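Please read the structure below before turning to the comments.
The values are calculated or read from the model by the stated rules, or taken from the named source; none is laboratory data. Just so it is clear, the model here is predicted, and its values are computed rather than measured. Cβ coordinates were reconstructed from backbone atoms using ideal geometry, including for glycine residues, and neighbour counts include every protein chain displayed.
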Amino acid sequence: MMHATVPTVVSAEVVDALCAIVGKENVIYGDEELLVYECDAYTIEKQLPNVVVLPQTTGQVAAVVKLCAQHQLPIIPRGAGTSLSGTVLAVTGGVMITLSRMAKILEIDYRNRRALVEAGCVNAWITNAVKAQGLFYAPDPSSQSACTIGGNVATNSGGPHTLKLGVTTNHVLGFEMVMPDGEIIWFGTRPDGGEEVDGYDLRGAIIGCEGMFGVVTRVLVQLIRAPQMYKTMMGVFENVDDASRTVSDIIAAGMVPGAMEMMDQLITQAVEAAYHFGFPLDAGAVLIIELDGLAAGLDQQAERVIEICKKNKAREVRMAKTDQERMELWKCRKRAFGAIGRLSPNFLTQDGVVPRSKLPEMMRFIRACSEKHGLRIPNVFHAGDGNIHPLILYDEREPDQVRRALEAGHDILNMCIEMGGSATGEHGIGVEKIDFMAKQFTKEDLDAMRTLRRIFDPENRCNPHKMFPGSKRCADFAPRKQIAA
């Protein structure tokens, strides 16, 4: 079994072979060009891969993977690089396989409500392609205008509307994956109309594996009928506690909205400065609630939601009057991370989960954490399922601020686990949260996970140094060696 303990060296012979497989124009190996690939959206840790290849077919992916297997080289699958936990970081270097040029929607089957897409297909493109037929693809990460389906499969991505409809695993029927030895296997429902592949549900086991089992190249996704009507509201509250109680009360009343999203005052002010929607700048919290479904009965549900908001001291509840206004509201919410540039040069996004009933307590803890570490921490999160996204603001030019940001993140995730929650809801473990795996799982749990990983990747070459305790960090290695002459 290979465990890389020194930075990877890729020979000139291998680079030439990669160029022969995908074309010289699809191979990147100069340090300046590689800078684009030194990290994903988790920017605290950076490391250059030795070489990046951009294949255009599954056959090319398989040939690249076989070549890497022959030379015992690590491979790192990458989509759009929107991961927020260092999932696609080349910790010791290696060959990064970027699937951004495999971005086609190959087939849309309206009769069976499904679509076959390449792994590099951008999430939002699927809905855009089928919305004229009254269909859509449900998982909607905030980065859906950039993130790819392959990356969504790797981290089992969610999004605001997965409160009601579920996450990626609930909407992916099957996929093609290149194994670490180069073999091509289809998992799950076949795209040719055939039945499910016999045996265990390995499709479900692979979704969320963070690219550690192989390279997904094609995905068969489920399409669903768009709701007949939406009722989208914005509740304005004096504080996060009142808004959090509203979330619990709505669920307790027997309603499951399509989405319930919360933004605190600091993030609301940044979003308003950036996008000018009309958010109240003095509100302690804004709660976005969207009901969807059949038109019959939706008005009554909306009235009940407004009643619950007012019972919890909402000073006003605004209803989106047009579909355009609804879309603008969601555009502001999904671009909230982008607005943070107005507040800070850098931010660290956390992704913990707590029981809904403990959201007020968690928000109080985050405020105390902000004071303790002397850093601002605005909050925007999926309140309906307790998936929090505190944004820890820091300046990477100040080493002490980086240290304090990391400590604040650790404090927050530790508290999530103590409250009976999880260290991640949808961003994955990557390199960022390795230390929390041993806190959240027993040794037996982790051993079982490692055993499953070895079934797919016996040599631990596929996206190595991720997820498991004991994995190496970028800081453990000297600067990357040059490609051998």
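List of remarks:
- Selection from the stretch 290-331 of residues that are among the basic types (Lys, Arg) and touching a helix residue (DSSP H, G or I) at 6+ places or on another chain (Cβ under 6 Å): Lys313
- Filter result (outside any loop (DSSP other than H, G, I, E, B) and surrounded by fewer than 21 Cβ atoms within 10 Å (Cβ to Cβ)) within the stretch 370-384: Ser370, Glu371, Lys372, His373
- Among the conditions (1) modelled with pLDDT under 95; (2) part of a loop (DSSP other than H, G, I, E, B); (3) touching a His at 6+ places or on another chain (Cβ under 9 Å), Ala138 misses just one, which is (1).
- One residue alone among Val221, Val236 is in contact with an Asp or Glu (Cβ under 8 Å, 6 or more places away or on another chain) and at pLDDT 95 or above, and that residue is Val236.
- The stretch 103-114, residues that are assigned to a loop (DSSP other than H, G, I, E, B), over 30 Å from Gly430 (Cα atoms) and in contact with a strand residue (DSSP E or B) (Cβ under 7 Å, 6 or more places away or on another chain): Arg113
- Search result, residues across the stretch 348-400 that are modelled with pLDDT under 95, aromatic (Phe, Trp, Tyr) and more than 24 Å from Glu238 (Cα to Cα): none
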